[in-house]
Amino acid sequence: MRDLEGGGRIFDLEDRLLEYAVRIVRLAESIPKTRAGNHVSGHLLRCGTSPLFNHGEAEAAESPSDFIHKLRVSLKELRESLRALRLLAKVPLVDDPNRLGPLLQETDELIRIFVASIKTAERNKAKRGTSSSSSRPADMTVDAAEEETTGLAS
């Protein structure tokens, strides 16, 4: 989110995913360098930073089907991140498992955003009747799908 002059906020999914990836990297770097710590932190690092990159891929999708596929990849990676974070808290592999709460909440919120965006994109694709169209509609962006779903401006 970015602040507006009048005190409002602008929702920006790319900025939110960037901040999420930063938090994941910092967390992964703080995990002890044990056998289990290396394994879990490496997995978390891959799946927790992937949604940022896949979001960029979705913005450059070649078709509505490709756009939806890339959103689904991001969703899959976020769900993996959620499980890795829950494992970190349960073992625990971090000094203070309570500090994972806000990151778990953000992961859940991002999952909800991607689920809603996928539903919106699928509905828009069905309206257009494009099952394998190779031309990408100009309004086929994550932010457009998100705005329609949540009512937030991008």
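Just so you know, all these numbers are worked out from the coordinates, no wet-lab data involved. The model shown is predicted, which means the values in this text are computed figures rather than measured ones. Here the Cβ is made from the backbone with ideal geometry for all residues, glycine too, and neighbour counts use every protein chain on show.
A compact table of results
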{"item": "Kirkwood hydrodynamic radius (C-alpha pairs) into Stokes-Einstein, the range 18-133, 20 °C and 1.002 mPa s, D in µm²/s", "result": "143 µm²/s"}
{"item": "For peptides 15-23, 69-77, sequence by mean Cβ density within 10 Å, most packed first", "result": "69-77, 15-23"}
{"item": "Fully extended contour minus Cα-Cα distance, from GLU59 to VAL22, at 0.36 nm per residue", "result": "11.3 nm"}
